[in-house]
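Below you'll find the structure, written out as C-alpha cells, and then a few comments.
The values are calculated or read from the model by the stated rules, or taken from the named source; none is laboratory data. Since the model is a prediction, treat every value here as computed from it, not as a measurement. Heads up, the Cβs are rebuilt from the backbone with ideal geometry, glycines too, and the neighbour counts pull from every protein chain shown. These area figures cover heavy atoms from the full protein model, side chains too; ligands, DNA and RNA do not enter into them. Shrake-Rupley method; radii C 1.70, N 1.55, O 1.52, S 1.80 Å.
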Amino acid sequence: LLIAPPWLEIYGDYKAAAKVGLVTPPLGLAYLGGGILATGSECEIVDMEAQKLTTQGLIDHIKIQQPDLIGITATTPIFKNACILAREIKKFYPDIPLALGGVHSTIVGKQALEECEAFDFQACGEAEITIQEVIAALESGQSLEGIEGVIYREGDKIIENQKRNYIDDIDRIPIAARHLLDKGSYKSYLPKFGSTSYTGIFTSRGCPYECTFCSQHTMYGRKVRNHSIERVIEELRVVVE
C-alpha cells in the first residue's frame, strides 16, 4: 500500500487557490507501483488529498486490505503530516513494515528515522529497483542489509546502506501504473476549455541547473538521462488508450 499524505492544509488561507493549481497525480508513487507490479506483487495507491480520505478512514481501509508493506511519500513541507500518519498506523498495526520515501527522505537521510520513530526504514533516491529488492527480502524473511538506497532500524541502531547509483537506462523503469490512480480526481483548468482530466509524463530524469526552489537534481542527479523516443511514444499510447 503506497500512501500520499494530505497536504492542502499547509497552504492555510490559500487552500482554494492551491487546490485549483496543484492537485496533481502522484506520479512518483505510480512509477513505484509499476516497479512493484513487475515483481508479481499486488499494489494499491491511496492519495488522501485527492480521495478526501481522513486518517481514521485510512486506518479503517488498512484493516480491510491487510497490506504486507506500507510506504508513505513526503516532501519536506508535509513530512510532519507523514509522521503523524505513520504514528497512527503504527499504533494500530505495529507488525506491518512501514517505510518512508520521496524527496525529504532523500535529502535528510537518516535524520528522518531519528525524527520519527514510527518508520521502520526509508528508501532514498530512485526507488523502483530498491522496492523490488525490499519486497524480495521481506518475502524471504531476510533483513534489509546490503540493499542499496535503504536506511533501516536494527534494534536501537539506524543502519545506512550504500547509496544506490542512478539508473543509467531509464527505459528499464516500468511505465507508471496510472491505473492505480483515480483519473477523475486530477484536473487541469484551461482557459476556454474549463476543467479536464490530465496526467504528466517524464521524458527524462536529472537536471544540470541549480534552481534554488527545485529538488530535481537531489532526487535524480545533474546528469540528464533521456527515455528513448519509442518508450515515450509507448507511454503516450498507454495514457491515451
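For every residue, the table says whether it meets (1) in contact (Cβ under 8 Å) with a residue 60 or more places away in the chain; (2) of a type in the set (Val, Ile, Thr); (3) under 19 Å from Phe119 (Cα atoms).
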residue	(1), (2), (3)
Ile135	yes, yes, yes
Leu138	yes, no, yes
Glu145	no, no, yes
Val150	no, yes, yes
Asn165	no, no, no
Tyr189	yes, no, no
Gly194	no, no, no
Ser204	no, no, no
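Residue-wise test of (1) aliphatic (A, V, I, L, M); (2) closer than 24 Å to Cys214 by Cβ; (3) touching a Pro at 6+ places or on another chain (Cβ under 9 Å); (4) open to solvent by 20 Å² or more (accessible area, probe 1.4 Å).
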| position | (1), (2), (3), (4) |
| --- | --- |
| Ile89 | yes, no, no, no |
| Lys110 | no, yes, no, yes |
| Leu113 | yes, no, no, no |
| Gly146 | no, no, no, yes |
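Name the pairs whose Cβ atoms lie under 6 Å apart, with the first residue in the stretch 207-231 and basic (Lys, Arg) and open to solvent by 50 Å² or more (accessible area, probe 1.4 Å), the second in a loop (DSSP other than H, G, I, E, B) and modelled with pLDDT of 90 or more, and 6 or more positions between them or separate chains?
Going by the 6 Å Cβ cut-off, the qualifying pairs are Arg222/Pro208; Lys223/Gly206.
Just one of Ile96, Ile62 is farther than 27 Å from Arg172 by Cβ, in contact with a strand residue (DSSP E or B) (Cβ under 8 Å, 6 or more places away or on another chain), aliphatic (A, V, I, L, M) and assigned to a loop (DSSP other than H, G, I, E, B); which is it?
Sole residue among the options that is farther than 27 Å from Arg172 by Cβ, in contact with a strand residue (DSSP E or B) (Cβ under 8 Å, 6 or more places away or on another chain), aliphatic (A, V, I, L, M) and assigned to a loop (DSSP other than H, G, I, E, B): Ile96.
Looking only at the stretch 44-78, which residues are in contact with a helix residue (DSSP H, G or I) (Cβ under 9 Å, 6 or more places away or on another chain) and within 20 Å of Gly141 (Cα to Cα)?
Asp68, Leu69, Ile70, Gly71
Could you list, in sequence order, the residues of the stretch 220-230 that are in contact with a strand residue (DSSP E or B) (Cβ under 8 Å, 6 or more places away or on another chain), of a type outside the set (Gly, Ala, Ser) and either at pLDDT below 85 or farther than 17 Å from Ile175 by Cβ (or both)?
Tyr220, Val224
What do you reckon, is Leu190 modelled with pLDDT under 95, over 20 Å from Lys223 (Cα atoms) and more than 22 Å from the chain's Cα centre (by Cα)?
Spelling it out, Leu190 is indeed modelled with pLDDT under 95, over 20 Å from Lys223 (Cα atoms) and more than 22 Å from the chain's Cα centre (by Cα).
Considering the stretch 27-45 alone, what residues qualify as being hydroxyl-bearing (Ser, Thr, Tyr) and in a loop (DSSP other than H, G, I, E, B)?
Residues satisfying the conditions are Thr39, Ser41.
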